[in-house]
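Any read-out appearing in this document is the output of simple, stated calculations on the displayed coordinates, not a laboratory observation. Fair warning: this is a prediction, and the values are worked out from it, not measured in the lab. Glycine gets a Cβ as well: all are built from the backbone with ideal geometry, and neighbour counts include every protein chain shown.
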Amino acid sequence: MFAEPDDASPRPKLWEGLAPLTSPRARVLVLGSFPGAVSLQTQQYYGHPRNHFWPILGALWGTDLMAMAYAERVECALQHGLAVWDVYAQCRREGSLDSAIRDAVPNDLSGLVRGLPRLQAIAHNGAESARAMKATAALGLPVYRLPSTSPANASWSFERKLAAWREVFVRHQLA
């Protein structure tokens, strides 16, 4: 005999995302889906040590970002014209996988974009973020889908991810 699912089972915790990393000189906005568990714990974008986000940026800019403190990495990104945020402001999720995201509440992307006068493009970091491409395309800027920098995206090598990211960054004078 099979047991029926218990409707009173606890729901995953509602998580709050991180504040955007922006400056008035931002030319490209990279949107993730929602910070992973390590990033939420440390309050740092792309905080998992195996995430390729910071190493990719370092390779594009010829800088060892991983040797820097987080605040220095952020400042370097801002100086290069990069802004970072997420598609979702909050969600329920156990673990860090995008496939586990539930009850997602979107961030005010149009409000953020209005406050970035030099913004030229939006780049989605991975498939879950790219689900918002229709909404971001409506903001009137070029929109790109980049391969996820997550360690869960093991089907793409670092070099292949770097080449895809380089194409967009060169097009908008960030590399």
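Which whole-Hz ³J(HN,Hα) couplings does segment 97-109 yield from phi under the Karplus relation 6.51 cos²θ - 1.76 cosθ + 1.60, θ = phi - 60°, glycine and proline marked x? Rounded to whole hertz, the list is 6, 4, 5, 8, 5, 9, 6, 6, 10, x, 6, 7, 5. Please report how far the C-alpha centroid of segment 138-163 lies from that of segment 82-120, rounded to the nearest whole angstrom. Comparing the Cα centres of segment 138-163 and segment 82-120, I get a distance of 16 Å. In segment 77-142, the alpha-carbon atoms span a convex hull of 100 Å³ per residue.
Along the chain, counting only trypsin sites (Lys or Arg not before Pro) with a DSSP assignment other than H, G, I, E or B and at most 16 other Cβ atoms inside a 10 Å radius, the longest segment between sites is 51-117. Applying a DSSP loop filter and a limit of 15 other Cβ atoms within 10 Å to the GluC sites (Glu not before Pro) in segment 24-107 leaves 94. Per-residue ellipticity at 222 nm computed for the chain from its helices equals -8000 deg cm²/dmol, with DSSP H segments shorter than 4 residues left out and the rest contributing -39,500 (n - 2.57).
Would you grab the residues whose amide H sits under 5 Å from the one on residue 86? Only those 5+ places off in sequence or on another chain, please, with H modelled 1.01 Å from N. When sequence neighbours closer than 5 places are left aside, the close amide H contacts are 32. Taking the Cα centre of the chain as reference, the dipole from Cβ charges on Lys and Arg (+1) and Asp and Glu (-1) amounts to some 620 debye. For the chain, what percent of Cα pairs sit more than 29 Å apart? Roughly 19 percent, rounded to a whole number.
Other residues within the sphere of radius under 14 Å centred on the Cβ of residue 165, judged by their own Cβ, net out at +3 (K and R +1, D and E -1).
Our coupling estimate for segment 143-157, obtained by passing each phi through the Karplus curve with A = 6.51, B = -1.76, C = 1.60 and θ = phi - 60°, is 10, 10, 10, 9, x, 4, 8, 4, x, 5, 8, 7, 6, 9, 6 Hz, Gly and Pro reported as x. Mean separation of Cα pairs under 8 Å and 6 or more residues apart, divided by the residue count, gives the chain a relative contact order of 29 percent.
In the elastic network of the chain, a GNM with C-alpha springs shorter than 10 Å, the most mobile of 55, 147, 12 is 12.
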